[in-house]
Amino acid sequence: MKQVRYYALSILLASIIVPLQTFQPQEAYAHGFVDQSNTGLVGGAFAILGVTGQGFTPTVDNLVAIDLFLRCQQTVVEGSLVCIDSSGSLTINIRQGAIGGTIVGTTTKSVTLPNDGSTIVEHFDFSVPVPLTPGNLYFMQFVEFSIEAMLEFNGGNQYPGGQLIFTGSTLPGNDFLFRTYFLGCTFNPDDQAKDPISMNTVRNKNIVKTIHAEKQIFDCTLEQGAIPVIVDVTIIAEIYEDMNTQSIIKKDALTITCIKQESQATLIKCESSIPDDETVPVRDCAEESIAHPQEMNTVNKGSIVKTIEAQKEVFICDFGNSNHHDDKKVDVVLFSEIWENLSLLPSNPVVKHTFEVLRCTIVIDEAEVESCKFSTIQN
């Protein structure tokens, strides 16, 4: 993607490239989650001259914000470095396919750069999400008004998903420093409830019901207004059985999704749904440890006793992608049941031992349960 020549203008480049320096950039306050990022070691900075931009290849279907690494352009006055026009506005156009392609989104922001030449990370929000096609090439085009900003870059082809455009041409192996943000959800194992799993069993005459429930927490942003929210997803498994025949009558899975706005301690919405029961294939999975994976209880009718134990395992599947935006979470719950007839004591009272598995697949980026499927493991 970076097979374009350098400009052979060494004097011009020397006047606009600032050498490597050590800095501590300010924190950028962003909504959404990072998709594309190039924030490695700084190699210098370019002024915005002519057509200047940066290519990027999203892995998600929307863009809501961009971070740029900026500093002022300096000149020597009476032996000291001073900034040139450190205040003004900067526009970012999002162009499709090429630096001169169709504009699919734009944002403009007033910017004031530090007069000491230090770097800031400036955050640009789009008023509405910019629709993108994952895997396609897009370009940020930078246009400045009444400001002489320098955009930091690095070499070594540290961002292979695009290219730096300077004065209308590509500089091979160089990329501006940036971050792009999208609306979606993330799952952090460290943010989960300490003991999110519960299970109990109840009997009514010959019918016994076991219910197993677990809540999982996602951090998301709403498309309307880009409001940060917490999404609680609870998966409920129900098993109905006949105590006389020790057989399963019915198995169900249900999900309850609740959206909360933490900043105002407000519950926005709750809804229940029945997920599909198709098996969703996944790959490149790794198991995540959970603190309290096991539950157990016992119920009886006369001398017939049913003990059920549930053990949960969690897998994160990234399909070999390093960006993690296609990740899926797979919850596997193994239900082990031991049926006993206590009247057989002191002989072995166990009359039946069964295994049921519930496998649920969750699309992390959408905080959505894609499927839940029960299956019987033969003993």
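The values are calculated or read from the model by the stated rules, or taken from the named source; none is laboratory data. Just so we're clear, the structure is a prediction, and the values are computed from it rather than from any experiment. Positions of Cβ are backbone-derived with ideal geometry, glycine not excepted, and every protein chain shown enters the neighbour counts.
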Take the residues in segment 186-223 that are surrounded by fewer than 20 Cβ atoms within 10 Å (Cβ to Cβ) and touching a helix residue (DSSP H, G or I) at 6+ places or on another chain (Cβ under 8 Å); name whichever of them is modelled with the highest pLDDT. Ile217
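Residue-by-condition table, conditions (1) polar (S, T, N, Q); (2) surrounded by fewer than 19 Cβ atoms within 10 Å (Cβ to Cβ):
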| residue | (1), (2) |
| --- | --- |
| Ile338 | no, yes |
| Asn341 | yes, yes |
| Asn348 | yes, yes |
| Lys352 | no, yes |
| Ile364 | no, no |
Consider only pairs whose beta carbons are under 6 Å apart and that are at least six residues apart or on different chains; among these, list those whose first residue lies in segment 280-295 and is within 18 Å of Gln192 (Cβ to Cβ) and whose second residue is surrounded by fewer than 16 Cβ atoms within 10 Å (Cβ to Cβ). Glu288/Pro189; His292/Asp195; Pro293/Gln311; Gln294/Gln311
Could you run through segment 128-168 and say how many residues are assigned to a strand (DSSP E or B) and more than 21 Å from the chain's Cα centre (by Cα)? 16
Gly40, sole failed condition from (1) assigned to a strand (DSSP E or B); (2) of a type in the set (Gly, Ala, Ser); (3) under 15 Å from Phe178 (Cβ atoms): (1)
Could you say whether any residue in segment 129-140 is surrounded by 18 or more Cβ atoms within 10 Å (Cβ to Cβ), closer than 26 Å to Gly43 by Cα, assigned by TED's automatic domain parsing to the domain that holds Asn174 and out of contact with any Ser or Thr (no Cβ under 9 Å at 6 or more places or on another chain)? yes
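Determine whether segment 268-275 contains at least one residue that is surrounded by 14 or more Cβ atoms within 10 Å (Cβ to Cβ), under 18 Å from Ser198 (Cβ atoms) and in contact with an Asp or Glu (Cβ under 8 Å, 6 or more places away or on another chain). Give the derivation first.
Taking segment 268-275 as the starting set, the residues that turn out to be surrounded by 14 or more Cβ atoms within 10 Å (Cβ to Cβ) are 268, 275.
Subset that is under 18 Å from Ser198 (Cβ atoms): none.
No, every residue in segment 268-275 fails to be surrounded by 14 or more Cβ atoms within 10 Å (Cβ to Cβ), under 18 Å from Ser198 (Cβ atoms) and in contact with an Asp or Glu (Cβ under 8 Å, 6 or more places away or on another chain).
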So Ile103 ticks every box in (1) surrounded by 18 or more Cβ atoms within 10 Å (Cβ to Cβ); (2) closer than 19 Å to Thr57 by Cα but one. Which box is left unticked? (1)
If you take just the strands (runs of 3 or more DSSP E) that sit entirely in segment 229-347, which of them hold at least 3 residues that are of a type in the set (Asp, Glu)? 328-341
